[in-house]
Amino acid sequence: MKKFEGVVAVDHVSLTVDEGEIVGIIGPNGSGKTTTLNLINRLIDHDEGEIIFRGKSISRAKTHETALLGMGRTFQITRLFRNLTVMENTMVPVVDIDRSERQKRAIKWLKFVGLYHLRNELAQNLSGGQQKLLEIARTMVMEPVFLLMDEPFAGVHHSIVSRIIQVIEELRKEGRTFLIVSHDIHTIFGLCDRMIVMNEGKKIAEGDPDEIRRDREIIRVYLGV
Ligand SMILES: Nc1ncnc2c1ncn2[C@@H]1O[C@H](COP(=O)(O)OP(=O)(O)OP(=O)(O)O)[C@@H](O)[C@H]1O
Ligand SMILES: [Mg+2]
(Lines give C-alpha, C1' and ligand atoms only; values in the text may rest on other atoms or scores of the structure.)
(Ligands and ions follow the chains in the order given, each with its own letter.)
Protein backbone atom coordinates (compact mmCIF):
# COMPACT_ATOMS: atom_id res chain seq x y z
CA MET A 1 0.00 0.00 0.00
CA LYS A 2 1.22 3.49 -0.87
CA LYS A 3 -0.27 6.87 0.00
CA PHE A 4 0.82 10.20 -1.45
CA GLU A 5 -0.48 13.06 0.70
CA GLY A 6 -3.70 11.23 1.42
CA VAL A 7 -4.12 9.81 -2.09
CA VAL A 8 -3.96 6.04 -1.95
CA ALA A 9 -1.94 5.38 -5.10
CA VAL A 10 -1.67 1.63 -4.55
CA ASP A 11 -4.35 0.13 -2.36
CA HIS A 12 -3.55 -3.29 -0.90
CA VAL A 13 -2.49 -4.77 -4.20
CA SER A 14 -1.21 -8.29 -3.91
CA LEU A 15 0.42 -9.87 -6.91
CA THR A 16 2.86 -12.62 -7.72
CA VAL A 17 4.93 -13.27 -10.80
CA ASP A 18 6.24 -16.78 -11.34
CA GLU A 19 9.65 -17.52 -12.78
CA GLY A 20 9.63 -17.44 -16.57
CA GLU A 21 6.28 -15.67 -16.82
CA ILE A 22 5.40 -12.51 -18.69
CA VAL A 23 2.76 -10.66 -16.69
CA GLY A 24 1.13 -7.46 -17.90
CA ILE A 25 -0.43 -4.62 -15.94
CA ILE A 26 -3.07 -2.45 -17.59
CA GLY A 27 -5.33 0.25 -16.21
CA PRO A 28 -6.39 3.84 -16.83
CA ASN A 29 -4.11 6.84 -16.27
CA GLY A 30 -3.35 7.35 -12.61
CA SER A 31 -4.49 3.87 -11.59
CA GLY A 32 -1.22 3.10 -9.80
CA LYS A 33 0.70 1.04 -12.35
CA THR A 34 3.97 2.97 -12.23
CA THR A 35 3.74 3.29 -8.45
CA THR A 36 3.37 -0.50 -8.23
CA LEU A 37 6.60 -1.01 -10.19
CA ASN A 38 8.33 1.65 -8.07
CA LEU A 39 7.29 -0.21 -4.92
CA ILE A 40 8.56 -3.54 -6.22
CA ASN A 41 12.05 -2.35 -7.08
CA ARG A 42 12.14 -0.16 -3.98
CA LEU A 43 12.39 3.22 -5.70
CA ILE A 44 9.81 4.32 -3.13
CA ASP A 45 8.88 3.03 0.31
CA HIS A 46 5.55 1.36 0.93
CA ASP A 47 3.33 2.26 3.87
CA GLU A 48 2.12 -1.29 4.40
CA GLY A 49 2.89 -4.69 2.98
CA GLU A 50 5.81 -6.79 1.96
CA ILE A 51 7.86 -7.44 -1.16
CA ILE A 52 9.32 -10.88 -1.63
CA PHE A 53 11.88 -11.59 -4.34
CA ARG A 54 13.16 -15.13 -4.95
CA GLY A 55 11.97 -16.25 -1.54
CA LYS A 56 13.48 -13.37 0.45
CA SER A 57 11.93 -10.22 1.80
CA ILE A 58 13.31 -7.10 0.12
CA SER A 59 10.93 -4.79 1.95
CA ARG A 60 13.82 -2.79 3.34
CA ALA A 61 16.27 -3.11 0.47
CA LYS A 62 17.69 -0.14 -1.40
CA THR A 63 16.97 0.14 -5.12
CA HIS A 64 20.55 -0.65 -6.11
CA GLU A 65 20.40 -3.76 -3.92
CA THR A 66 17.35 -4.99 -5.85
CA ALA A 67 19.38 -4.50 -9.01
CA LEU A 68 22.25 -6.53 -7.59
CA LEU A 69 19.76 -9.26 -6.61
CA GLY A 70 18.62 -9.49 -10.23
CA MET A 71 15.85 -6.95 -10.82
CA GLY A 72 16.06 -4.80 -13.92
CA ARG A 73 13.95 -1.73 -14.57
CA THR A 74 13.02 0.44 -17.52
CA PHE A 75 11.02 3.64 -17.30
CA GLN A 76 7.90 5.23 -18.75
CA ILE A 77 9.99 8.28 -19.61
CA THR A 78 13.39 6.88 -20.45
CA ARG A 79 16.09 7.83 -17.98
CA LEU A 80 19.05 8.15 -20.28
CA PHE A 81 21.95 10.55 -20.24
CA ARG A 82 21.03 12.51 -23.32
CA ASN A 83 24.49 13.98 -23.85
CA LEU A 84 26.32 10.70 -23.50
CA THR A 85 26.75 8.21 -26.31
CA VAL A 86 24.82 4.99 -26.63
CA MET A 87 27.89 3.04 -25.48
CA GLU A 88 28.53 5.38 -22.54
CA ASN A 89 24.92 5.00 -21.40
CA THR A 90 25.29 1.24 -21.20
CA MET A 91 28.43 1.65 -19.10
CA VAL A 92 26.62 3.63 -16.41
CA PRO A 93 24.99 1.00 -14.14
CA VAL A 94 26.60 0.72 -10.76
CA VAL A 95 27.92 -2.78 -10.88
CA ASP A 96 30.82 -4.26 -9.10
CA ILE A 97 32.50 -5.48 -12.26
CA ASP A 98 35.63 -4.18 -13.89
CA ARG A 99 35.59 -1.92 -16.88
CA SER A 100 36.61 -4.48 -19.48
CA GLU A 101 33.92 -6.95 -18.37
CA ARG A 102 31.39 -4.15 -18.31
CA GLN A 103 32.41 -3.14 -21.83
CA LYS A 104 32.15 -6.73 -23.03
CA ARG A 105 28.62 -6.95 -21.65
CA ALA A 106 27.67 -3.56 -23.09
CA ILE A 107 28.78 -4.65 -26.56
CA LYS A 108 26.93 -7.95 -26.20
CA TRP A 109 23.64 -6.32 -25.20
CA LEU A 110 23.87 -3.46 -27.69
CA LYS A 111 24.30 -6.07 -30.42
CA PHE A 112 21.42 -8.04 -28.96
CA VAL A 113 18.96 -5.12 -29.14
CA GLY A 114 20.33 -4.02 -32.53
CA LEU A 115 21.93 -0.72 -31.52
CA TYR A 116 25.62 -1.57 -31.76
CA HIS A 117 26.03 0.29 -35.04
CA LEU A 118 24.83 3.42 -33.21
CA ARG A 119 27.22 3.01 -30.26
CA ASN A 120 28.96 6.38 -30.82
CA GLU A 121 25.74 8.31 -31.37
CA LEU A 122 24.46 10.60 -28.61
CA ALA A 123 21.41 9.17 -26.85
CA GLN A 124 19.43 12.33 -27.67
CA ASN A 125 19.75 11.57 -31.39
CA LEU A 126 17.97 8.23 -31.06
CA SER A 127 14.29 7.78 -31.89
CA GLY A 128 11.84 7.08 -29.07
CA GLY A 129 11.92 3.37 -29.82
CA GLN A 130 15.70 3.24 -30.00
CA GLN A 131 15.85 4.96 -26.60
CA LYS A 132 13.59 2.23 -25.18
CA LEU A 133 15.91 -0.41 -26.67
CA LEU A 134 18.92 1.37 -25.18
CA GLU A 135 17.33 1.32 -21.73
CA ILE A 136 16.75 -2.40 -22.11
CA ALA A 137 20.39 -2.93 -23.12
CA ARG A 138 21.57 -0.83 -20.20
CA THR A 139 19.58 -2.80 -17.66
CA MET A 140 20.70 -6.09 -19.25
CA VAL A 141 24.33 -5.19 -18.48
CA MET A 142 23.40 -6.09 -14.89
CA GLU A 143 22.14 -9.49 -16.18
CA PRO A 144 18.78 -9.26 -14.39
CA VAL A 145 16.51 -12.28 -14.07
CA PHE A 146 13.37 -10.21 -13.48
CA LEU A 147 12.57 -7.18 -15.60
CA LEU A 148 10.09 -4.50 -14.64
CA MET A 149 9.16 -2.49 -17.71
CA ASP A 150 7.03 0.65 -17.68
CA GLU A 151 5.38 1.42 -21.03
CA PRO A 152 8.07 -0.10 -23.26
CA PHE A 153 5.94 0.52 -26.38
CA ALA A 154 4.80 4.09 -25.71
CA GLY A 155 5.90 6.55 -28.38
CA VAL A 156 7.56 3.79 -30.33
CA HIS A 157 7.28 3.36 -34.10
CA HIS A 158 5.54 0.08 -34.95
CA SER A 159 8.63 -1.35 -36.63
CA ILE A 160 10.48 -0.98 -33.33
CA VAL A 161 7.52 -2.29 -31.32
CA SER A 162 8.02 -5.63 -33.05
CA ARG A 163 11.76 -5.46 -32.33
CA ILE A 164 11.06 -4.86 -28.63
CA ILE A 165 8.58 -7.76 -28.58
CA GLN A 166 11.24 -9.97 -30.14
CA VAL A 167 13.81 -8.86 -27.54
CA ILE A 168 11.41 -9.63 -24.67
CA GLU A 169 10.50 -13.03 -26.11
CA GLU A 170 14.14 -13.99 -26.65
CA LEU A 171 15.03 -12.95 -23.09
CA ARG A 172 12.12 -14.97 -21.76
CA LYS A 173 13.33 -18.04 -23.67
CA GLU A 174 16.53 -17.70 -21.66
CA GLY A 175 14.36 -18.06 -18.54
CA ARG A 176 13.91 -14.43 -17.58
CA THR A 177 10.71 -13.11 -16.03
CA PHE A 178 8.79 -9.95 -16.90
CA LEU A 179 6.28 -7.57 -15.35
CA ILE A 180 5.23 -5.09 -18.01
CA VAL A 181 2.98 -2.04 -17.72
CA SER A 182 1.45 -0.98 -21.01
CA HIS A 183 -1.36 1.02 -22.56
CA ASP A 184 -0.81 -0.76 -25.85
CA ILE A 185 -3.63 -3.25 -25.35
CA HIS A 186 -3.12 -5.11 -28.59
CA THR A 187 0.59 -5.67 -28.00
CA ILE A 188 0.42 -6.48 -24.31
CA PHE A 189 -2.43 -8.97 -24.71
CA GLY A 190 -0.48 -10.75 -27.41
CA LEU A 191 2.70 -10.89 -25.37
CA CYS A 192 1.59 -11.79 -21.84
CA ASP A 193 0.73 -15.09 -20.17
CA ARG A 194 -1.30 -13.29 -17.55
CA MET A 195 -2.84 -9.86 -17.15
CA ILE A 196 -3.48 -7.75 -14.07
CA VAL A 197 -5.99 -4.91 -14.36
CA MET A 198 -5.77 -1.91 -12.03
CA ASN A 199 -8.22 0.88 -11.40
CA GLU A 200 -7.93 3.65 -8.79
CA GLY A 201 -5.06 1.93 -7.04
CA LYS A 202 -6.75 -1.44 -6.78
CA LYS A 203 -6.28 -4.70 -8.60
CA ILE A 204 -9.72 -5.23 -10.13
CA ALA A 205 -9.04 -8.30 -12.22
CA GLU A 206 -6.46 -10.89 -13.08
CA GLY A 207 -6.45 -13.69 -15.62
CA ASP A 208 -5.18 -14.90 -18.94
CA PRO A 209 -5.55 -12.40 -21.79
CA ASP A 210 -8.58 -14.19 -23.27
CA GLU A 211 -10.46 -14.13 -19.96
CA ILE A 212 -9.75 -10.45 -19.48
CA ARG A 213 -10.76 -9.60 -23.03
CA ARG A 214 -14.13 -11.25 -22.49
CA ASP A 215 -14.86 -9.35 -19.27
CA ARG A 216 -17.26 -6.51 -20.08
CA GLU A 217 -16.77 -4.71 -16.77
CA ILE A 218 -13.06 -4.49 -17.39
CA ILE A 219 -13.60 -3.18 -20.87
CA ARG A 220 -15.98 -0.59 -19.43
CA VAL A 221 -13.48 0.58 -16.82
CA TYR A 222 -10.51 0.43 -19.08
CA LEU A 223 -12.03 2.07 -22.10
CA GLY A 224 -14.34 4.27 -20.06
CA VAL A 225 -17.44 3.25 -21.99
N1 LIG B 1 5.42 11.18 -6.34
C2 LIG B 1 4.09 11.35 -6.26
N3 LIG B 1 3.57 12.29 -5.45
C4 LIG B 1 2.23 12.47 -5.34
N5 LIG B 1 1.33 11.72 -6.00
C6 LIG B 1 1.79 10.76 -6.82
C7 LIG B 1 3.19 10.53 -7.00
N8 LIG B 1 3.35 9.51 -7.88
C9 LIG B 1 2.11 9.13 -8.23
N10 LIG B 1 1.18 9.87 -7.61
C11 LIG B 1 -0.28 9.72 -7.72
O12 LIG B 1 -0.58 8.35 -7.52
C13 LIG B 1 -1.57 7.90 -8.42
C14 LIG B 1 -1.04 6.74 -9.25
O15 LIG B 1 -0.04 7.23 -10.14
P16 LIG B 1 0.79 6.28 -11.12
O17 LIG B 1 1.83 7.13 -11.75
O18 LIG B 1 1.24 5.09 -10.39
O19 LIG B 1 -0.32 5.88 -12.18
P20 LIG B 1 -0.17 5.10 -13.58
O21 LIG B 1 -1.18 4.02 -13.54
O22 LIG B 1 1.23 4.73 -13.82
O23 LIG B 1 -0.64 6.23 -14.62
P24 LIG B 1 -0.20 6.47 -16.16
O25 LIG B 1 -1.00 5.51 -16.97
O26 LIG B 1 -0.63 7.89 -16.42
O27 LIG B 1 1.26 6.28 -16.27
C28 LIG B 1 -1.99 9.12 -9.21
O29 LIG B 1 -3.10 9.70 -8.56
C30 LIG B 1 -0.80 10.04 -9.11
O31 LIG B 1 -1.16 11.37 -9.27
MG1 LIG C 1 2.59 5.23 -15.27
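Give the aspartates and glutamates whose C-alpha is closer than 13 Å to that of Lys132, dropping any in the same chain fewer than 8 places away, or say none.
Straight-distance partners of Lys132: Asp150, Glu151.
Kindly report, to the nearest 10 Å², the accessible surface of Glu88 as traced by a 1.4 Å probe over protein heavy atoms only.
Approximately 80 Å² for this residue.
Could you work out what % of the accessible surface of region 2-223 is carbon and sulfur, using a 1.4 angstrom probe and leaving DNA, RNA and ligands out of the count?
49
Leaving out ligands and nucleic acids, note down the accessible area per residue over the chain with a 1.4 angstrom probe, in whole Å². Please list the in-between numbers first.
Numbers: 11460 Å² over 225 residues.
Computed with neighbouring chains in place, this is 51 Å² per residue.
Per residue of region 28-41, in order, report the coupling 6.51 cos²θ - 1.76 cosθ + 1.60 (Karplus, θ = phi - 60°) as ³J(HN,Hα) in whole Hz, putting x for Gly and Pro.
x, 4, x, 7, x, 5, 5, 4, 4, 4, 4, 5, 5, 9
Where does the charge balance sit around Val161 when Lys and Arg score +1, Asp and Glu -1, over other residues with C-beta under 13 Å from its C-beta?
Working: positive: Lys132, Arg163; negative: Glu151, Glu169, Asp184.
That sum, taken over residues with Cβ under 13 Å, equals -1.
In a solvent-free Debye calculation with one equal scatterer on each Cα, what is log10 I(q)/I(0) for region 52-160 at q = 0.12, 0.13 Å⁻¹, listed in the order of the q values?
-0.41, -0.47
Strictly greater than 32 Å: what percent of every Cα pair in the chain meets that? Don't skip to the end; give the middle numbers.
Working: 4388 of 25200 pairs.
Here the tail beyond 32 Å accounts for 17 percent of pairs.
Ignoring ligands and nucleic acids, what accessible area does Ser100 show with a 1.4 Å probe (Å², nearest 10)?
The value for Ser100 is about 80 Å².
Please work out how much accessible surface Lys62 shows to a 1.4 Å probe, ignoring ligands, DNA and RNA, in Å² rounded to 10.
120
Antiparallel as a % of all DSSP beta bridges within the chain, to the nearest 5? Mind dumping the intermediate values first?
Details: 11 of 28 bridges.
Of the beta bridges lying entirely in the chain, close to 40 percent run antiparallel.
Sorting check: for 192-203, 74-85, 45-56, 127-138, which peptide has the highest mean count of neighbouring beta carbons within 10 Å, and how do the rest follow?
On the way: 192-203: 20.2, 74-85: 15.8, 45-56: 11.9, 127-138: 22.5.
Per-residue Cβ counts within 10 Å, averaged per peptide and sorted highest first, yield 127-138, 192-203, 74-85, 45-56.
Quick check: the distance between the Cα centres of region 32-86 and region 181-207, to the nearest angstrom?
With region 32-86 and region 181-207 each reduced to a Cα centre, they are spaced 19 Å.
The values are calculated or read from the model by the stated rules, or taken from the named source; none is laboratory data. Here the structure is a predicted model, which is why all the values come from computation and not from measurement. Cβ sites come from the backbone with ideal geometry, for glycine too, and all protein chains shown count toward neighbours. We work out accessible area using only protein heavy atoms, side chains counted, and drop any ligands, DNA or RNA first. Shrake-Rupley method; radii C 1.70, N 1.55, O 1.52, S 1.80 Å.
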